[in-house]
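These notes concern the structure reproduced below.
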Amino acid sequence: MRIEIRFAGFGGQGIIKSGIITATAACIYSGKNAVQTQSYGPESRGGACKSEVVISEEEIDFPKVIEPEILVVMSQHAYNEYAENVKTGGIIILDPEMVPHEKELKNVRVFKVPATKIAEELGRKIVANIAMLGAFVAITGVLDKEAVKESIKVNVPKGTEELNLKAFERGYEYGKNLLKS
Amino acid sequence: METVMAHPFAKYLREAMMPHIWCSGCGNGIILNCFVQAVDELQMDLNKLVVVSGIGCIGRAAGYVNTNSFHTTHGRPIAFATGIKLANPELEVVIISGDGDLFAIGGNHFIHAARRNIGIKVICANNFNYGMTGGQQGPTTPVEALTTTTPYGNIEHPFNLVHLAAASGATYVARWTTLHVRRLTQSIKKLLQKEGFGFIEVVSPCPEIFGRYNKMRTGLEMMEWFRKVSAIENFSDPAKAEITPERIVVGEFVDIAKISYEKLIHEKIAEINEKKMQW
Amino acid sequence: MNQKRVILEGSHFMNGDIACAEGAIAAGCRFFAGYPITPATEIAEHLAQRMLEVGGIYVQMEDEIASMAAVIGASYAGLKAMTATSGPGFSLMQENIGLAVMTEAPCVIVDVMRGGPSTGQPTLPGQQDVMQAKWGSHGDYEIIALAPSSVQEMFNLTIEAFNLSETYRVPAIVLADEVVGHMWEKVAIPPAQKIKIVNRKKANAPSEAYAPFMPDDDLVPPMACFGEGYSFHATGLTHDEHGYPQTSSSEVQQKLVKRLCDKIRKNADKIVRVEEVLLSDADIVVVAYGIVARAALSAVRKARAEGIKAGLLRPITLWPFPENHVAKIAQQTKAIVVPEMNCGQLVREVERAAKETPVTFLSKLGEEPHTPMEIFEAIRRNS
């Protein structure tokens, strides 16, 4: 089955990296097929940014996301742009600190994960994307937790693996608790 | 019976390419002669020598010398030569080209090759105009000179090539006229033995084209001008060596030692591979 | 024990630009000259690190004109050489691509196409350089251009480009697009000894007898490089077999230019590559290349699922254009749909080859390539 996931925010938040970690986990550590595509403005930092992943057991023909089942969103601008494009019955995971204004949406489940706050508690705001990723894995169950951890290890800068894995676990726990409540 | 001896430099020239295209009174033959003399005196391995030129009258020199040679697109011989030198640093790569080719259309390549200190050698024939296309104004045309595109006198300021070369980082910079045959030959010998980017400007007569519009209709008249106004001032300030009708400062301006780009990159490669061995 | 420092092998998750760079290294490329430009910069960045690790040269030149000139110089000095760029830089390279054609310098140019004209949309995909790849430099010539549609093909076709370039002594262009360049997918890299590598035919005549532009029966002259003991001349001027300029001989001009074209035209059957999907019974055929072919494949499958006999013909070589393949399917099918991310380029070739069979063109400009649905709708309307 083809699953489409969109990560969105602004440049510098690690949005592209989130997509790459997810896709690597799927195709290198889970034996599935995966493609990551991206789009961003001419500026490499600060502008609007999205990173999309298609995961499938079969060969992937069209590599771009058309109507995602899952939106992971970390800026108000990106939320405004993409919130209504989520498939019926789909999931939005957002950081309420970054997305203070929500729309009335029907037929999607919304999960609020204070990833920036979690990251700040760990002392490094930069790992907010990884905390978000943890929550995404817990909430959606699209990927095996261990596969994603392996993928994080090879995709983050040397020396930051521990911090990133910690952020991932915190986000994962937060996501698990959201599911229970 | 009379014995016809071959010219001592015959082996350096491609007979099949003769006759050459240059006008009578042109200085290009003198420059080529000095170059060949220098190569002969240094006993250079012709197989390791590559002569590269761009477009223009002197650009044909690459085809006339019996070595590896490449006649590139207009303005690009330095960029082309950079590829050759980096790909095979054992080759001695010499560019013989004109002022328009090297400093107008190709000016950007000149300053960057000098800045990088690529070990290529540039000999520039400066004839003050575009000769091959019939005498248009160029980057070295003197102020007020008449050319086919400055019929009311040139209002642009010419480049001072030796100053440009020195400021861009060349390790060897000299200027001669085609009158200074022996000094030019010795200077080329020095150039060919330098590490890094070296440059010689040769002020060269173009009586048929430039001279005819500027009251010097024969090679002799132009050479007479060089004789009258040129002054040898070795290691004087290149910034003050602007060419004017009254004064042509010649001599060596820069002669310094600086490690070449190709040496640096091959040192880096060796360093990386050494580290690899240690793992 | 850093794995990256040897030639890559096995399965890797990487983007198209990096796969292209690794393909170049696997092909034996040991010289890269370039200038940063979106969306091809990652090729340069990756090779800045990797070239030196494999003992090759990376040099950042002052512009794309210089990059192309340096690549030809390096090729003549005996290395396999490449540059990578996008639209604006590709325009600047055109004059020296002509020089590479004229002096028969094997070399590879990667153009990761973005939206144009001019500065256009640097971070967005386009397929607007297809005709420029063929006709961009002045004068008549034939060239080779390959269009990858996956990250794996960025690796494979870069190797193929080197092999074809070395075989025919002609510049070969990898005509990618921003999506393929930036997209991440799995790439399987076989062991080095299993990768087919072609090297240029070396000169073997004694040096006195060597004529640098005297072709063999395949119309390709064996190549000596500088420093190998052959003193020879090469020029962008029209030249005879000895490399000597012949600027007023119509005979030499005809012979040379015709051979430069014929060495590709007469070998086109050996060069051309296409992918054919579900063509045998197709009533309607989509002709698409690059990233658009992925949307087309999805659309064709959807059409089949709904009972429409659709098929896909994907030119992998855009130049030489696979006109025999198009002519053949045009005779069997009722209609052809050509989606492109431009205002109509390869469709002109398709129309020429398809003769009476109706061809529908589907243009797309801007952010995204065609969606499968857009192509499916065109299939449905024309079936």
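Points worth noting:
- Checking each residue in the range B:166-191 for being over 12 Å from the mean Cα position of the chain (by Cα) and among the aliphatic types (A, V, I, L, M) picks out B:ALA166, B:ALA167, B:ALA170, B:LEU179, B:VAL181.
- Test: residue in the range B:13-36 that is in contact (Cβ under 8 Å) with a residue 12 or more places away in the chain, within 8 Å of chain C (Cβ to nearest Cβ), closer than 18 Å to C:GLY236 by Cβ and assigned to a helix (DSSP H, G or I): yes
- Members of the range C:69-92 found to be more than 15 Å from B:LYS85 (Cα to Cα) and either facing another protein chain (nearest Cβ under 9 Å) or in a loop (DSSP other than H, G, I, E, B) (or both), listed by number: C:SER86
- Checking B:MET216 against (1) part of a loop (DSSP other than H, G, I, E, B); (2) surrounded by fewer than 18 Cβ atoms within 10 Å (Cβ to Cβ); (3) without any contact (Cβ under 8 Å) to a residue 24 or more places away in the chain, the condition it does not meet: (2)
- Of all residues in the range C:59-67, none satisfies being among the acidic types (Asp, Glu) and more than 29 Å from B:LEU102 (Cα to Cα).
- For the range C:159-183, residues that are in contact with a helix residue (DSSP H, G or I) (Cβ under 6 Å, 6 or more places away or on another chain) and either within 19 Å of C:GLU9 (Cβ to Cβ) or within 12 Å of chain A (Cβ to nearest Cβ) (or both) total 5.
- Between B:SER97, B:SER69, the distinction of being at pLDDT 95 or above, within 11 Å of chain C (Cβ to nearest Cβ) and either assigned to a helix (DSSP H, G or I) or buried (at least 24 other Cβ atoms within 10 Å of the Cβ) (or both) belongs to B:SER69 only.
- Looking only at the range C:211-236, residues that are free of Cβ contacts under 8 Å to residues at least 24 places away in the same chain, assigned to a loop (DSSP other than H, G, I, E, B) and within 12 Å of chain B (Cβ to nearest Cβ) come to 3 in all.
- Of the criteria (1) within 14 Å of chain B (Cβ to nearest Cβ); (2) more than 30 Å from B:ASN88 (Cα to Cα); (3) buried (at least 17 other Cβ atoms within 10 Å of the Cβ), which one C:ILE284 fails: (1)
- Residue match in the range B:129-139 (condition: in contact (Cβ under 8 Å) with a residue 60 or more places away in the chain, crowded, with 24+ Cβ neighbours inside 10 Å and within 21 Å of B:ILE84 (Cα to Cα)): no
- Pairs where the first residue, in the range C:264-275, is in a loop (DSSP other than H, G, I, E, B) and the second is loosely packed, with under 15 Cβ neighbours inside 10 Å, C-beta under 9 Å, 6+ apart: C:LYS266/C:ASP218; C:ASN267/C:ASP218; C:VAL272/C:ASN324
- Within the range C:185-192, at least one residue is surrounded by 24 or more Cβ atoms within 10 Å (Cβ to Cβ), touching a helix residue (DSSP H, G or I) at 6+ places or on another chain (Cβ under 9 Å) and either in a strand (DSSP E or B) or more than 14 Å from chain B (Cβ to nearest Cβ) (or both).
- Lone unmet requirement of (1) on the phi > 0 side of the Ramachandran plot; (2) more than 8 Å from chain B (Cβ to nearest Cβ); (3) not polar (S, T, N, Q) for C:MET131: (1)
- Flag for C:GLU95 being part of a loop (DSSP other than H, G, I, E, B) and not aliphatic (A, V, I, L, M): no
- When the range B:72-86 is filtered for residues that are of a type outside the set (Gly, Ala, Ser) and either facing another protein chain (nearest Cβ under 7 Å) or free of Cβ contacts under 8 Å to residues at least 40 places away in the same chain (or both), the ones remaining, listed by number, are B:THR72, B:THR73, B:HIS74, B:ARG76, B:PRO77, B:PHE80, B:THR82, B:ILE84, B:LEU86.
- Scanning the range A:23-34 for residues that are within 13 Å of C:MET14 (Cα to Cα) and more than 8 Å from chain C (Cβ to nearest Cβ) gives a single hit, A:ALA25.
- One residue stands out in the range A:1-38 among those that are of a type in the set (Lys, Arg) and either touching a residue at least 60 places away in the same chain (Cβ under 8 Å) or in contact with a Cys (Cβ under 9 Å, 6 or more places away or on another chain) (or both): the one that is surrounded by the most Cβ atoms within 10 Å (Cβ to Cβ), namely A:ARG6.
- Sole exception among (1) within 14 Å of another protein chain (Cβ to nearest Cβ); (2) crowded, with 21+ Cβ neighbours inside 10 Å for C:VAL347, by number: (1)
- Of the residues making up the range C:7-35, those that are touching an Asp or Glu at 6+ places or on another chain (Cβ under 8 Å) and assigned to a loop (DSSP other than H, G, I, E, B) are C:LEU8, C:TYR35.
- Condition met for C:ARG294 (in a helix (DSSP H, G or I), more than 14 Å from chain B (Cβ to nearest Cβ) and out of contact with any Leu (no Cβ under 7 Å at 6 or more places or on another chain)): yes
- Considering the range C:37-58, the residues that are out of contact with any helix residue (DSSP H, G or I) (no Cβ under 7 Å at 6 or more places or on another chain) and either part of a strand (DSSP E or B) or within 13 Å of chain B (Cβ to nearest Cβ) (or both) include one that is surrounded by the fewest Cβ atoms within 10 Å (Cβ to Cβ), namely C:GLN49.
- Considering the range C:59-68, and only residues there that are assigned to a helix (DSSP H, G or I) and at the interface with chain B (Cβ under 9 Å from one of its Cβ atoms), the residue that is nearest to C:ALA105 (Cα to Cα) turns out to be C:MET68.
- Residue selected from the range B:41-66 under the condition more than 24 Å from B:ASN129 (Cβ to Cβ) and either within 13 Å of the chain's Cα centre (by Cα) or in a loop (DSSP other than H, G, I, E, B) (or both), by the criterion nearest to the other protein chains (Cβ to nearest Cβ): B:ASN66
- Matching residues, the range C:276-291, being part of a loop (DSSP other than H, G, I, E, B) and touching a Leu at 6+ places or on another chain (Cβ under 9 Å): C:LEU278, C:LEU279, C:ALA282, C:ALA288, C:TYR289, C:GLY290
- Within the range C:237-274, the residues that satisfy the criterion of being charged (D, E, K, R) and away from chain B (no Cβ under 14 Å) are C:GLU251, C:LYS255, C:LYS258, C:ARG259, C:ASP262, C:LYS263, C:ARG265, C:LYS266, C:ASP269, C:LYS270, C:ARG273.
- Residue check, B:LEU102 away from chain C (no Cβ under 13 Å), in contact with a Cys (Cβ under 6 Å, 6 or more places away or on another chain), hydrophobic (A, V, I, L, M, F, W, C) and on the phi < 0 side of the Ramachandran plot: yes
The values are calculated or read from the model by the stated rules, or taken from the named source; none is laboratory data. Everything numeric in this text was worked out from a predicted model, so none of it was measured. Here the Cβ is made from the backbone with ideal geometry for all residues, glycine too, and neighbour counts use every protein chain on show.
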